[in-house]
Each structure stands twice: as structure tokens, then as C-alpha cells.
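To start, the structure under review is shown below, and the notes come after it.
The values are calculated or read from the model by the stated rules, or taken from the named source; none is laboratory data. Small disclaimer: the values here were computed from a predicted structure and weren't measured. Note that each Cβ is placed from the backbone with ideal geometry, even for glycine, and that neighbours are counted across all protein chains shown.
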Amino acid sequence: MQWTLKLARTQAGLTQKELAKKLDVSTNTYNDYENYKVSMRVDKAVLFSKIVSIPFDDIIFFKNNYTSSVV
């Protein structure tokens with residue numbers, strides 16, 4: 001099963017504010033992550049996975065149409 005950030009957070013019983021604090025980011029920044037406006041750094045994504053107790057590979061961290069700007 002693939003988990004969105006929002007689904008993973010709610011399954012863990014956390015609010016955006018609580019999860020933002022655990023990730024040491026602002027609530028606005030976390031909201032941007034959850035709405036896929038910006039991408040999490042890998043270290044934050046690994047921490048997110050640990051906080052919500054869902055394997056890293058099962059969480060969707062990017063939009064479906066994400067493409068790397070690195071060539």
C-alpha cells in the first residue's frame with residue numbers, strides 16, 4: 001500500500017502542527033509538504049517515516065508527475 005503524507009499523518013494520530021514540530025519545521029512548511037507544493041529533504045523524509053511508523057518506501061513523497069531538474 002502507498003501512503004500519502006496526509007494519510008500517514010492522520011493514521012499516526014498527529015495534527016499538522018504536531019508533526020511539523022517533530023520535523024522541526026514550521027506548520028506552513030509542513031502544509032506545503034503535505035500538499036506537495038515543495039518536497040521534503042531526504043533527512044526529513046526519513047524522520048517522517050520513523051515518526052509515523054510506516055516504511056519509507058511505502059510513503060509517497062513526490063507528486064505523481066514529479067520530474068527531476070537534474071540532468
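What the table below lists for this structure:
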quantity	calculated
Any pair with Cβ under 9 angstrom, 6 or more apart, that starts in region 14-34 at a residue that is of a type in the set (Phe, Trp, Tyr) and ends at one that is outside any helix (DSSP H, G or I)	Tyr33/Val25; Tyr33/Ser39; Tyr33/Met40; Tyr33/Phe61
Verdict on Lys50 being of a type in the set (Lys, Arg), without any contact (Cβ under 8 Å) to a residue 12 or more places away in the chain, touching a Phe, Trp or Tyr at 6+ places or on another chain (Cβ under 9 Å) and not in a loop (DSSP other than H, G, I, E, B)	yes
Residue within region 21-37 that is hydrophobic (A, V, I, L, M, F, W, C), within 18 Å of Lys63 (Cβ to Cβ) and assigned to a loop (DSSP other than H, G, I, E, B) present	no
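So that you can scan it fast, the table gives a plain yes or no per residue for (1) surrounded by 10 or more Cβ atoms within 10 Å (Cβ to Cβ); (2) at pLDDT below 95; (3) not acidic (Asp, Glu):
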position: Met1; (1), (2), (3): no, yes, yes
position: Arg9; (1), (2), (3): yes, no, yes
position: Lys37; (1), (2), (3): yes, yes, yes
position: Ser49; (1), (2), (3): yes, no, yes
position: Ser69; (1), (2), (3): no, yes, yes
